[in-house]
Amino acid sequence: MAKVTVDGITVEVPNGSTALQACEAAGKEIPRFCYHERLSIAGNCRMCLVEVEKAPKPVASCGFPIMDGMVIKTDTEVVRRARRAVMEFLLINHPLDCPICDQGGECDLQDQAYAYGGDHSRYAENKRAVKDKYLGPLVKTVMTRCIQCTRCVRFASEVAGVPELGATSRGENMEIGTYVEKALTSELSGNLIDICPVGALTSRPYAFTARPWELKKTDSIDATDATGTNIRVHARGPEVLRILPRTNDEVNEEWMADKGRFSIDGLKRKRLDRPWVRAHGRLHPATWQDAFVAIARAMQGVPGERIGAIVGDMCDAESMVALRDLMTALGSPNIDCRQDGAQYDLSRRDFYTFNSGIAGIEEADALLIVGADPRHDSPVINARIRKRWLAGAFPVGVIGAPASDLTYGYEVLGDQPSVLAGLIDGSLAFADALRGAKKPMIIVGQGALTRDDAAAVLAACWSLADAVGALSADWHGFNVLHQAASRVGALDLGLVPRAGARSVAGMMSGGVEVLWLLGADEFGAARIGPDTFVIYQGHHGDAGAARADVILPGATYVEKPGTYVNTEGRVQTAFQAVFPPGEAKEDWRILRAFSEVVGHTLPYDDLPAVRARLAEANPVFARQGLPRFGGGTGVAPAGDASALGSTPFGRAMGDYYLTNSISRASPTMQECSRTYSQPVLQAAE
Amino acid sequence: MSGQFPAENIGHGQPGHAPRPGEPAQPSAFAFDGESESLITGILAKYPEGKQASAVIPLLYVVQKQLGRETGSAWVPRVAMDVVAARLGMPPIRVYEVATFYLMFNTKPVGRYHLQVCTTTPCWLRGSDEVTRACREATGIRHWGETSEDGLFTMTEVECLGACANAPILQVNDDYYEDLDAGRTVELIQALRRGEPPAPGPTIDRFGSMPQGGRTTLLDVPDGEGPPPAHPATVEA
């Protein structure tokens, strides 16, 4: 630690800190453009100039290492003049288009010009103009506004791992861009908008929509993947206008995947805003009462084991527990949350969660990825793996070739499950890398669990983890990477059919007479038997609603208070940002209301009561955050590790941009899909 | 770095390959020839394993030279930058950045003789305006950066070439022609047009940066009489 005096305040900061960090520790605000906590230091904007005693001239504090006894002054005439001068330089070529700029109101340049700049410009010459660049359907560019801080360049090459942005030419001709016109091939490109301190990179879908002060901000959780990204929903009136990430170093740092950020225009398209009942082969608008009566009539005389329920991928825990209670009351054991047919072992929680934790990735020193594509399963977790890889000494092995470059160095060990056996018996070279590591990590993806031999793969991965010392008292290196936001919560609630009950596949083709779909669209609705009475409770007119006999309009994740459990098993609460459209209701309320109609009234009337019921169903829901369980204690998942099949590992996710009903309804995601997921068609044009 | 960086644009998004109006047509392929390959072997050997990206500038020069040999126009097309990137295992954009930063790399085709006129202060004081005018008149080029109609000459205004003692200077491809005036510039260009490039160096009566008309100092060699000046250390002893 070193003692540094900043404006008379003495602070102690770790050795190797920069002057800027010392100033922040002392509570002094230092203006900056190019410096960003999570990126490398560039030192090219010069806005963070401070005076250091015995230094002959102002120094750029962002890149200036502190020394013990250093005296820094941030509020002297020299510093004020330096900042004014730097600001004048930055504004020489910056257009005065704040009134039509989307960054207006949340622009670092605007704020800092106001706080630290001069009151007029001495520059009468023409400003330079720069041609706008095409960076894809998500990021809009107005390059004339660029102040060349190179944050975007560093983000792309360091965090996103797609070194496609650069600064070409020099001096006044310097331009930020890709040189060859192309869309940025990153699932994290939306973060460029957040890190750009000016209006050069703004959101294309959000262009000219709103000013930041018009928006009501609500803290929420992203339900488009299983990362549990902390988000803030920005809404105006009934409409969600944009979603920004919230900082949570445990989960998403300050990044967010594009699907969660940009699929929001799907929230107001293809919505189910009133109940519908099918009569004579056609769906007709109905009242809630009619819809409930129609369901009750269809259920009349149907024994419990002929009723089934499938839970979708974006459900909140509240609605899932209500559905579970309803099914129990109706005497049905058939409830399944695994639309993709994945197999889990629910006997212990750490058999199906990401036990190292997302932040724990940074502690790991070797990684094996089995049947997962982290880049698409969870771009944010992939960025964390890349961050660890950049720190060095991090061998990564992959079983099952990923669909695209994972943005870090890795070795494809093969695509057969037999590779696992080779790693367990140590015959493969990569086994030594795992064995030699202090904290080895194994990530098992849905591609490994949606197979016939999934139980064997799971058991093999566990025994490999055990064999390489990944299951010690202070380190749990066995991880399951999920894709669905609702999955871990559903598994915590035990929404998997017990022995003798019907799974998703068993409910198809007439396996049940009445089928309740809670936001389930992705299991292949065409497989449902023609005589099955289907209730679709959800928010979008997607595959499930098209097949339904009764449609009960529900709420999306931004329209209801909900509890979500991410792939780590972290319990997080989302608040309601806007109201559901039309007659749509929060999902647990719908189930509660229906239960009364069929005479099995669920014993809760308000949200606290549902949450109390959740905690009663599984104590993990009683605690926000990440409840920890013991490490490996010799108990292994049921499953014969030697019964590995010979089918190569495949991908468990189709098109990244179109995985759920919201993103399928979103024009932005459709365009992304056209741009990024169908390159062959593009090339043929 | 991670995996393989694709040498070609992976074709996402809007078509970006068609040259904008005024942009030169880019060749569709580039490969190093034998001469270049032997140069590259020598260049890469200078850098330790894993630091090959350091060779980006020399390799871009190799490209430019090869294009000069092959087409008579020494420039670096984009596809060649991609080839360099693939060879050195670096992202293409990092090569684009270097190639566009240094003005010595021509990212557009140039004439067979690239006339680089120094107009920085010493050359300007010594008459670079005259050289510029002579170049324009002799080649028919009107503006900086243009190529003459016969495709032989391109005129570029460059900053100090570091040969101020011999100002004004005109660099033709890699050779310096020094101490020019209007008349000798025209003669030079006519010789180039005939395909008879004269020997580079001063165009007046001097060798290197020596005074005009011969040496004025250090005319005689000490005859060796008398003791050589003693080294202070030896005197002490």
Per-region count, segment A:52-76, residues surrounded by 22 or more Cβ atoms within 10 Å (Cβ to Cβ) and not in a loop (DSSP other than H, G, I, E, B): 4
Selection count, segment A:290-338, where residues are among the aliphatic types (A, V, I, L, M), part of a helix (DSSP H, G or I) and under 29 Å from A:Ala652 (Cβ atoms): 6
Segment A:593-607, residues that are under 19 Å from A:Pro553 (Cβ atoms) and acidic (Asp, Glu): A:Glu596
Cross-chain or 6+ apart pairs with Cβ under 7 Å, segment A:369-380 first and assigned to a helix (DSSP H, G or I), then among the small types (Gly, Ala, Ser): A:Arg375/A:Ser404; A:His376/A:Ala403; A:Asp377/A:Gly445; A:Pro379/A:Ala257; A:Val380/A:Ala257
Residues located in segment B:65-77, provided they are part of a helix (DSSP H, G or I) and either on the phi > 0 side of the Ramachandran plot or crowded, with 20+ Cβ neighbours inside 10 Å (or both): B:Gln66, B:Leu67
Breaking point among (1) in contact with a Gly (Cβ under 8 Å, 6 or more places away or on another chain); (2) charged (D, E, K, R); (3) closer than 25 Å to B:Phe153 by Cα, for B:Arg94: (3)
Counted residues, segment A:134-154 - those being in contact with a helix residue (DSSP H, G or I) (Cβ under 6 Å, 6 or more places away or on another chain) and within 26 Å of A:Val86 (Cβ to Cβ): 3
Qualifying residue in segment A:558-567 (condition: more than 22 Å from A:Phe292 (Cα to Cα), touching a residue at least 60 places away in the same chain (Cβ under 8 Å), part of a loop (DSSP other than H, G, I, E, B) and among the aromatic types (Phe, Trp, Tyr)): no
Verdict on A:Leu367 being aliphatic (A, V, I, L, M) and either open to solvent by 20 Å² or more (accessible area, probe 1.4 Å) or over 30 Å from A:Ala473 (Cβ atoms) (or both): no
Segment A:529-540, subset open to solvent by 10 Å² or more (accessible area, probe 1.4 Å) and either outside the structural domain of A:Val504 (by TED's automatic domain parsing) or modelled with pLDDT of 95 or more (or both), residue nearest to the chain's Cα centre (by Cα): A:His539
Tally of residues being open to solvent by less than 30 Å² (accessible area, probe 1.4 Å), of a type in the set (Gly, Ala, Ser) and at the interface with chain B (Cβ under 8 Å from one of its Cβ atoms) across segment A:155-176: 4
First in segment B:81-109 and at the interface with chain A (Cβ under 9 Å from one of its Cβ atoms), second anywhere and open to solvent by 30 Å² or more (accessible area, probe 1.4 Å) and in a helix (DSSP H, G or I), Cβ under 6 Å, 6 or more apart: B:Met90/B:Ala53
Complete set of residues in segment A:343-364 that are buried (at least 20 other Cβ atoms within 10 Å of the Cβ) and in a helix (DSSP H, G or I): A:Asp350, A:Phe351, A:Gly360, A:Ile361
Where A:Ala113 falls short, out of the listed (1) open to solvent by less than 50 Å² (accessible area, probe 1.4 Å); (2) under 40 Å from the mean Cα position of the chain (by Cα); (3) touching a residue at least 40 places away in the same chain (Cβ under 8 Å): (3)
Residue in segment A:254-268 that is open to solvent by 40 Å² or more (accessible area, probe 1.4 Å) and either in contact with a His (Cβ under 8 Å, 6 or more places away or on another chain) or more than 24 Å from A:Ile361 (Cβ to Cβ) (or both) present: yes
Of residues in segment A:177-191 being under 19 Å from the mean Cα position of the chain (by Cα) and part of a loop (DSSP other than H, G, I, E, B), the one surrounded by the most Cβ atoms within 10 Å (Cβ to Cβ): A:Ser189
Selection count where residues are open to solvent by 40 Å² or more (accessible area, probe 1.4 Å) and in a loop (DSSP other than H, G, I, E, B), scope segment A:397-415: 5
Within segment A:465-496, tally of residues that are crowded, with 24+ Cβ neighbours inside 10 Å and in a helix (DSSP H, G or I): 7
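The values are calculated or read from the model by the stated rules, or taken from the named source; none is laboratory data. The structure presented is a predicted model; accordingly, all values stated were derived computationally and were not measured. Counting neighbours? That spans all protein chains shown, and the Cβs are built from the backbone with ideal geometry, glycine included. Note: areas computed on protein heavy atoms with side chains; ligands, DNA, RNA excluded. Shrake-Rupley method; radii C 1.70, N 1.55, O 1.52, S 1.80 Å.
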